[in-house]
Amino acid sequence: MKNIITVIGATIAASLCCVTPVLAVLAGSSSLASSFSWLAPYHNYLVVFTILVLVYAWYDKLKRSKALDCACDESSFFAGKTFLAMVTVFVVVMLSFPQWGNKVFSSAPTAQSCAIGACDTNITEKPVTQTVNIDDLPVLKYMSDEEENPTACGQVACAGTGYSALDDMMAQARRDVQEMSPAVLKKMIDNEDAFILLDVREVIQHAEGEIYADEMLAIPRTNLEFEILNAVKDRAMPIVLYSRMGARSLFAAQSLQKLGYTHVYNLSAGLKGWVRAQYPYDNGLGTVLKVVDAQ
């Protein structure tokens, strides 16, 4: 019984760093993902330890049965071979999770990342054929033209929150991320340019209105880092992010840059700025809603 308990404990410990990112997405908690990340460097050692204890448990169980030549030692279900067989299946499923988990759950780490003790979704990926010519992106010309001749859109970007530490973070993010005028986004949509419009608001906020483009994604800010790497493989593809007023999308854009995306833009003043520029948006029912004055 002690051997079986040890096997279960070692299996859970070996699997936590790889399974937790999936649990974090299902639970909607970005902080949960890092809770057991400290186990990642010990992943391989825990796997080997689990296998050794499991082999010993079976050896001990079969040896004891042979010595007694009866089922007398099977008095308890949890100490019997049936339960040990169930534990073995559990061990196989959990320890093989890195091999198949990434194919079922987009947020699961890859097998190679777990093998090197990183348990990170973006360590290894299949090479992606670049579908965008970096030297011929219309957005680069649009941004340059807009900088030289700004369009009066009437948007007001979120400049402060009243918290000095957060305002400093926003100021730093604006130094890292290019903000896009609604006029530039409108031109990209009208010209049907290749880009992704990414809405990082919570699902409940979509009722306030949406901006429509040929290719759209909606990933809540809380899940962004766990889902974007599988949702957008081409990291040279232009991505325009927006939120209510552009604050959350600003930080989200900064995160995408850190993940290796090279053409990331934040819609200045978000959906609110788009509405102030008097550009069309819809709530899915054909009626326009007033955008709540919040970030």
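Can you say whether A171 is within 31 Å of the chain's Cα centre (by Cα), surrounded by fewer than 16 Cβ atoms within 10 Å (Cβ to Cβ), modelled with pLDDT of 65 or more and closer than 26 Å to P238 by Cβ, as far as the supplied structure shows?
Yes; evaluated as a whole, the condition is true for this residue.
E215 passes all but one of (1) touching a Leu at 6+ places or on another chain (Cβ under 8 Å); (2) modelled with pLDDT of 90 or more; (3) buried (at least 18 other Cβ atoms within 10 Å of the Cβ); which number fails?
Checking E215 against (1) touching a Leu at 6+ places or on another chain (Cβ under 8 Å); (2) modelled with pLDDT of 90 or more; (3) buried (at least 18 other Cβ atoms within 10 Å of the Cβ), the one that fails is (3).
Looking only at the range 62-70, decide whether some residue is modelled with pLDDT under 80, assigned to a loop (DSSP other than H, G, I, E, B) and either under 34 Å from the mean Cα position of the chain (by Cα) or surrounded by fewer than 15 Cβ atoms within 10 Å (Cβ to Cβ) (or both).
Within the range 62-70, one or more residues are modelled with pLDDT under 80, assigned to a loop (DSSP other than H, G, I, E, B) and either under 34 Å from the mean Cα position of the chain (by Cα) or surrounded by fewer than 15 Cβ atoms within 10 Å (Cβ to Cβ) (or both).
Would you mind finding the one in E215, E192, E208, E202 that is without any contact (Cβ under 8 Å) to a residue 24 or more places away in the chain and over 25 Å from F105 (Cα atoms)?
None of the others qualify; the one that does is E192.
Has the range 242-250 got at least one residue that is within 21 Å of T222 (Cβ to Cβ), in a loop (DSSP other than H, G, I, E, B), out of contact with any His (no Cβ under 9 Å at 6 or more places or on another chain) and small (G, A, S)?
yes
Quick test of your reading of the structure: V200 fulfils all but one of (1) more than 22 Å from R276 (Cβ to Cβ); (2) of a type in the set (A, V, I, L, M); (3) touching a helix residue (DSSP H, G or I) at 6+ places or on another chain (Cβ under 7 Å). Name the failing condition by number.
Of everything listed in (1) more than 22 Å from R276 (Cβ to Cβ); (2) of a type in the set (A, V, I, L, M); (3) touching a helix residue (DSSP H, G or I) at 6+ places or on another chain (Cβ under 7 Å), V200 misses just condition (1).
Going through P138, P150, P109, P98 one at a time, which residue ends up being outside the structural domain of K61 (by TED's automatic domain parsing) and either touching a Cys at 6+ places or on another chain (Cβ under 7 Å) or modelled with pLDDT under 80 (or both)?
After applying the criteria, what remains is P150.
Which residue, of I123, I116, is farther than 26 Å from L267 by Cβ, more than 19 Å from the chain's Cα centre (by Cα) and at pLDDT below 75?
I116
The values are calculated or read from the model by the stated rules, or taken from the named source; none is laboratory data. Owing to the predicted nature of the structure, the values given are computational and were not obtained by experimental measurement. Every residue, glycine among them, receives a Cβ derived from its backbone with ideal geometry; neighbour counts consider all protein chains shown.
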